[in-house]
Amino acid sequence: MDVGYFLRQRTAFIRQLYVTTTREYVERQHKIKAEVEPFVPPYSEDGEPPFLEEWVEADESLQVLGSACLSMLAATVKLYFQTWVRELGVPVDGSLRKAEFGRSFVNGYRAYFLLNFGIRFEDGPTDVALLEEIVLARNNIQHPETITSNYSNYGNPDLEKLSHPFFVEDRERLLLTELGESQDSWPVPPAIHVSSAKLLEALSAVERFSEWLEQAEIVPRDE
């Protein structure tokens, strides 16, 4: 089986799904900023930005759609590794599963490929920390802690592992800088912000990783 082919089929689907489903909300925000119909602001002296409710709804919708696509990407990465294991015919050792997979499945498969085939994920073109964070972000998205918001946040344990969280909005980073804080000491856990640019970069990173792994000489060490 051409495992990489099916991974790229899934990432292409996620990419087109995101672009298609977010188009309406992106256009709405563009029209609000440009003050064009049907979002021409009426005269008002109350100081509240016009069409704030419509803007917030669009912004939250974009985040939910981005989060859903990121969750699909995390599932794709897991299926990719599971399929490779079946194709290679070398099962995951029980002791390895207990010792390494407890941290994350990305870490587990990194140890699996190193132990059995001498392949180091760190030698590939994709930062392994990003693969880890895709899964970590998905876990937070799928298990929100409050009913009061459509956004998900990093947890404090996550921030202890991440020196520079990837899915963080630029304005939150800027605020942290203005407060004189470093990115390893967030006073409040930041929201997981899956922007178009971040999602597309994550999709491309996974594709680059799969292309690199397919070019590696995957031969069991005992052969």
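The values are calculated or read from the model by the stated rules, or taken from the named source; none is laboratory data. Please read all numbers here as calculations on a predicted model, not as lab measurements. Neighbour counts run over all protein chains shown; Cβ positions are idealised from the backbone, glycine included.
Laid out as a table, the results:
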{"read-out": "Verdict on V128 being within 25 Å of Q16 (Cβ to Cβ), in contact with a Phe, Trp or Tyr (Cβ under 8 Å, 6 or more places away or on another chain) and of a type outside the set (D, E, K, R)", "value": "no"}
{"read-out": "Residues of the range 62-80 classified as surrounded by fewer than 20 Cβ atoms within 10 Å (Cβ to Cβ) and under 20 Å from M1 (Cβ atoms), total", "value": "3"}
{"read-out": "Matching option when the condition is in contact with a helix residue (DSSP H, G or I) (Cβ under 9 Å, 6 or more places away or on another chain), at pLDDT 90 or above, closer than 23 Å to F167 by Cα and exposed (fewer than 15 other Cβ atoms within 10 Å of the Cβ), among E24, E37, E87", "value": "E24"}
{"read-out": "Residue match in the range 139-146 (condition: farther than 22 Å from V206 by Cβ, touching a residue at least 12 places away in the same chain (Cβ under 8 Å) and surrounded by fewer than 19 Cβ atoms within 10 Å (Cβ to Cβ))", "value": "no"}
{"read-out": "Residue within the range 123-135 that is over 17 Å from L70 (Cα atoms) and at pLDDT below 90 present", "value": "no"}
{"read-out": "Residue list for the range 1-27, filter: over 30 Å from E53 (Cα atoms), free of Cβ contacts under 8 Å to residues at least 40 places away in the same chain, over 16 Å from the mean Cα position of the chain (by Cα) and assigned to a helix (DSSP H, G or I)", "value": "Y5, Q9"}
{"read-out": "The range 1-21, subset of a type in the set (A, V, I, L, M, F, W, C) and either surrounded by 12 or more Cβ atoms within 10 Å (Cβ to Cβ) or modelled with pLDDT of 95 or more (or both), residue farthest from S195 (Cα to Cα)", "value": "V3"}
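Residue-wise test of (1) in contact (Cβ under 8 Å) with a residue 40 or more places away in the chain; (2) in a helix (DSSP H, G or I); (3) out of contact with any strand residue (DSSP E or B) (no Cβ under 7 Å at 6 or more places or on another chain); (4) of a type in the set (S, T, Y).
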{"residue": "D46", "(1), (2), (3), (4)": "no, no, yes, no"}
{"residue": "P49", "(1), (2), (3), (4)": "no, no, yes, no"}
{"residue": "E54", "(1), (2), (3), (4)": "no, yes, yes, no"}
{"residue": "C69", "(1), (2), (3), (4)": "yes, yes, yes, no"}
{"residue": "A74", "(1), (2), (3), (4)": "yes, yes, yes, no"}
{"residue": "Q82", "(1), (2), (3), (4)": "no, yes, yes, no"}
{"residue": "P91", "(1), (2), (3), (4)": "no, no, yes, no"}
{"residue": "A99", "(1), (2), (3), (4)": "no, yes, yes, no"}
